[in-house]
Every structure is written in structure tokens, then in C-alpha cells.
Amino acid sequence: MNIKPLADRVVIKMLEAEETTKSGIILAGTAKEKPQVAEVVAVGPGGVVDGKEVKMELEVGDRVIMSKYAGTEVKLDGEEYTILRQSDILAKVD
Amino acid sequence: MNIKPLADRVVIKMLEAEETTKSGIILAGTAKEKPQVAEVVAVGPGGVVDGKEVKMELEVGDRVIMSKYAGTEVKLDGEEYTILRQSDILAKVD
Amino acid sequence: MNIKPLADRVVIKMLEAEETTKSGIILAGTAKEKPQVAEVVAVGPGGVVDGKEVKMELEVGDRVIMSKYAGTEVKLDGEEYTILRQSDILAKVD
Amino acid sequence: MNIKPLADRVVIKMLEAEETTKSGIILAGTAKEKPQVAEVVAVGPGGVVDGKEVKMELEVGDRVIMSKYAGTEVKLDGEEYTILRQSDILAKVD
Amino acid sequence: MNIKPLADRVVIKMLEAEETTKSGIILAGTAKEKPQVAEVVAVGPGGVVDGKEVKMELEVGDRVIMSKYAGTEVKLDGEEYTILRQSDILAKVD
Amino acid sequence: MNIKPLADRVVIKMLEAEETTKSGIILAGTAKEKPQVAEVVAVGPGGVVDGKEVKMELEVGDRVIMSKYAGTEVKLDGEEYTILRQSDILAKVD
Amino acid sequence: MNIKPLADRVVIKMLEAEETTKSGIILAGTAKEKPQVAEVVAVGPGGVVDGKEVKMELEVGDRVIMSKYAGTEVKLDGEEYTILRQSDILAKVD
């Protein structure tokens, strides 16, 4: 992994539907902006963001729920990732 | 329950119409964004959210009223839940 | 009454037109978002709301004027109530 | 007068066109949101409003200029009044 | 002059095109919201406005440039004036 | 030059296309809101602007890049100028 | 390079598609506002921006990911650059 998110951003990788089912989480099928289960692959340093101190609560490997259209998608070594702010992560799942 | 909301978020489960009636709460039928009675199933840690200290006032098991379209819906072990900020909860009912 | 508003919210009950007339208050008939006279039936605890200290100035039994579309309507034991922030209450009437 | 505005609100009564002319103030006829000359009939206590200390500068009896569509109209004992924030009052006239 | 602007507001009087030309200032003819040259005729007291201390930098008699649609127009003793915030004044001209 | 910008504003004069080319800066031709190269001709005093201390970093004679539609255009002694906030200046060029 | 970004801005140069591929980063082809890989060519001084202290975390030569439409494009010595705020840079890549 050679991507380092800035500030309060994290990089996440969407989990395949199969994995999603295995963990017992199924997304609401008809919701237009349906939530997403993803794995955290990189975490920014936090610090002062827009004048406010942000402490990173997430770690690489955490499984998280986010809203589908939050963040920016990038492809890295053929895999798709999403870069988004920690505040766009709704919950951790374990 | 294996979902842990982040920051000032809570996870709630909508109550069935029957339960709703039993508690004496009936939703206004014609209101387009009608309120919802729900039970709190998980509560985030609170703390500093967007630079402001947030103290969680809700506990697991609380029955609450919220606006229908607040938050994000997820399915967990076949049940639908909603993740939303504590500030989107209007009132507790007991 | 088994509804407890959170934070700086209050629960109010619209007064019937008759009562409204008795108190000498008549709403401007043609205004699209006409004000409402209501009675306060529950008051939240106030405290820190969105990072700002809010002191509740209203008490149960106060008669108040509000804008019609502020807040969220709920039905409780067959009666309609509105939950709204104290800052959406324009004035007290006595 | 039995209406007590909350926070930084004031209650004003529009002056008739005749009175307006007498004081030498004539509103710009074609302006869509034309200013209004009014008399202050009730003044809220001020204090902390939205986290900021507000000192009331207006007194009952002050003649003021406001924008037409600011505030909320109410009828009281057959007269029309407007409830609005002190910050929506542009100037005093004497 | 019997108009006293509140807070950080000033009252200005548009200068006639002739005067404008004399001072060497000509407005850009095709700009839709073209700037205006005006004379300050009354200055509010400044002080705490929306929680922030504002010091008035303008004096009666200053010639200023503003944007055309800022502020509210009033007629006073047959003359048109504009009431606007000091922060809507772009520059002084002398 | 008889124009004194207020607060954190500066007055700039667009450079002719020829001058622009000479300095090696060519604007992207198809961009709808294409940047502008301009020369600073007057600088406001800075100070507290909207409750925040602003220090002026620009000096008369600086060549700067701005966005085309920022600020307000005025004509002064037959020349067109733009008045805008220092924060709307993107970069200095030398 | 003769361009000095102000405040918390940086100047970046988009990397050619070939270079992008070489580093293993491929942009998501169908995303409407697809991210961009770019090289930082100039970094502003940071400091107090909009009342908040901003520390620059980027250095000349950093490779970064940004959103396509952030910032303002300029041409300098025949090359296209983008000027944008550091907070519009999502991540560093190495």
C-alpha cells in the first residue's frame, strides 16, 4: 500500500457481497444511497482539521459502515479504494 | 449485536406498528416526514464531534422519537436498523 | 404525559381556534406560514446544544406563538403534539 | 399588551401610511421588498442567543425601519403585529 | 437627518451621475451588478454584531463604492437612501 | 490613485494580454472561469474582518492570479479595476 | 517556476496518464469527478487562513491525489497547473 491519506481521511476498500453476507451484514437493497461495508486500509494522521483537533479512532483492518456516495474513488494496483473523512464513517462492525 | 457507532451516533431499531400502538404513541398518518418510534440498540462513545464536546444522553433500550428520513439504514442479521446522530433524536418516550 | 424532549426541545399542543379567540389572539388568516398559538406540555433539560449552552426559558403551561411549519408532529394518546427547539418559539402570551 | 417576545425578538406594529408621511418617511414605491416603518411595542430580554450575548438596543415606542418580509405576523386584539429579531431592524427614526 | 442606523449599518446617498463623473469615477456600464458611488450620511455605533466586535471605519461625508444591490432602500424627506452594513462598502474614494 | 479599499480588500488592474504573454503566463483558453493575471494597485489595511484578524500579504505592484468572476469591477479615470478580498487572490507571480 | 501560492494553497501539475500507470495508480474511468494524480510544484506559506492556523504538510515533489474539479487552472510557460487549497488534496502517494 503506497497511499497516505492527509489530515482526518481514511482509505477504505469495499468488501465483496459474499464477505458482506458472511459477516451477517446485508445492505438494504432498495435504499438509494445504501450503506457500504468496507475495510480500512490506511488512516491519516488526524490533527488540526479546519481549526479543530481530530483524533483518529479507526485502525487499519477495521470493518466499517459508510454511506455509498461519501468520499472519492481511486484505483490502486487494479483495486478500487475510497478516500473519505473519518467523520463519514458511521460505525465499526466486528 | 456487533455494530459500534462512532462519535455521537446511535443505532436504533424501528418498533412495529403494534408495539407502537401499545405504548400509546400513534404517528400522524398524513405527515409526509412522519416521526418514528424506535428502540436504541447501540450508543456511540460521544466525545469531541466537529470540535464540540458531545455527551451521550441515550442508553440502550431507550424508546425514542426521530424524524423518518434522518440517518442511514442498514440490515444486520436480517433486521433493519438506522444509524443517526444523537442530535437527530427528538425525544425519549417511557 | 410520557414524552421527554431531548436537549433544547419542547413539546407543545396547538390550542383550538375557540381558545385562541378567547385569549384575544387571532392568527393572520391569509399568511401562508401563519403563526400558531400553543401550550407547552413538556420541556427538555437544555444544556450544551451544538456546543452552546442553552438555558430553558419556557415552562409547562406557557402559552406560546410559533411558526406553523417548525418542528415535528407526533400523536400521543390520540392528541397531536409538536416537538421543536426552544429557539423556534417566538413569544410567550399571557 | 400581553405578548412577551423571547430572546432577541421584538414585537412591532406597522405605522399607517398617513403617520409615515407625517414623519417625512416615504417608502420607495417600486421596491419589491420595500422597507417598513413601524413602532416597537414589546422587546425581548436579549441575553445569550445562539451562543452569543445580545444586548437589546430598542425600547418600546421606538420608531424603526425594517425589511417587509422579515419576521412573523400575528394578530392581537384585532391589530396586526410582527415578531422579528432585533438584528432585522435596520435603523431607528426620530 | 433623523435616521439612526443600528449596529454596523450605515446610511448612504447615491451620488448623481454628474457628480460621479466629476470625481473621475465612472461605473462599468455593462456590468449587471455595477458598483455605486455614494456619500455616507449616517453611521451606526458598531459594537458587538453577531457576536463579533465591529469598529466603524466610515464617517459622515465619506465617498464610498458599494455593490448596487446591497442593502435596503428608503425614502426620507423626498430623497432616496440606502441602509447597508459597513462590510458591504468596498472602498473609500477621495 | 484615489481609491482606498476597506478591510481586507485590494484593488487590482488586469494586465493586457500582451503583458500577460511577456511574463510567460497564458490563461487556459477554454476554462469558463479562467484565472486572471493582474497588478495590485491598492491594498486595504487588513485588521479584524468578520471577527478574524487578517494580515495583508500583498503590496502595491505585486502581480497576482485571481479567478475571473471574483470581486467587483469599477472604472476609475477611464481604467477598469477590480476590488476583491485578499483571500480571492490565489498566487503571486514574479 | 515563478508562481508563489498564497496562504494554504499549493500549485500542482497533473501527471500524464503514462506516468500515472507507471506508479500503479489508475483512475476510475467512469467516475464523473474522477480523482487526479499530480505533482506538487509550489507550496504556500500556510499560517492563519480564515481565522484558523494551517500548517502545510506538503512539499514540492510530493505526488498527490485530488478531486478533478478542485482549484483553478493556469498555464505557465506553456504548461498547465492547478492552484488549490491544501485541504483539497486527499492523499499523498509514494
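The values are calculated or read from the model by the stated rules, or taken from the named source; none is laboratory data. Note that the coordinates shown come from a computational prediction; the quantities given were computed from them, not determined experimentally. All Cβ positions, even for glycine, are placed from backbone atoms using ideal geometry, and neighbour counts span all protein chains on display. SASA here: full protein model, heavy atoms, side chains in, ligands and nucleic acids out. Shrake-Rupley method; radii C 1.70, N 1.55, O 1.52, S 1.80 Å.
With the simple model of a label 7 Å out from the Cα in the direction of the Cβ, E:Asp77 to F:Val48 spans 3.4 nm. In this structure, the residue pairs whose Cα-Cα separation is over 22 Å, taken from A:Lys4/B:Lys52; G:Lys13/G:Lys92; B:Lys55/E:Lys52; D:Lys52/F:Lys52, are A:Lys4/B:Lys52; B:Lys55/E:Lys52. Note on D:Ser87 and A:Ser87: the model spin-label points, each 7 Å out from Cα along the C-beta direction, lie 2.1 nm apart. When the accessible areas of G alone and F alone are added and the area of the pair subtracted, with a 1.4 Å probe, the result is around 1600 Å², both sides summed.
Under the simplified labelling scheme, the C:Val60-A:Lys55 pair shows an inter-label distance of 3.9 nm, with each label point 7 Å from Cα along Cα→Cβ. Axis between B and G by rotation; chain B residue with nearest Cβ and distance in whole Å recorded as B:Gly51, 8.
Inter-chain Cβ neighbour count for G:55-63, averaged per residue, equals 1 (cutoff 10 Å, partner chain atoms only).
Descending by average beta-carbon neighbour count within 10 Å, the peptides F:6-14, F:44-52, C:79-87 line up as F:6-14, C:79-87, F:44-52, the highest first.
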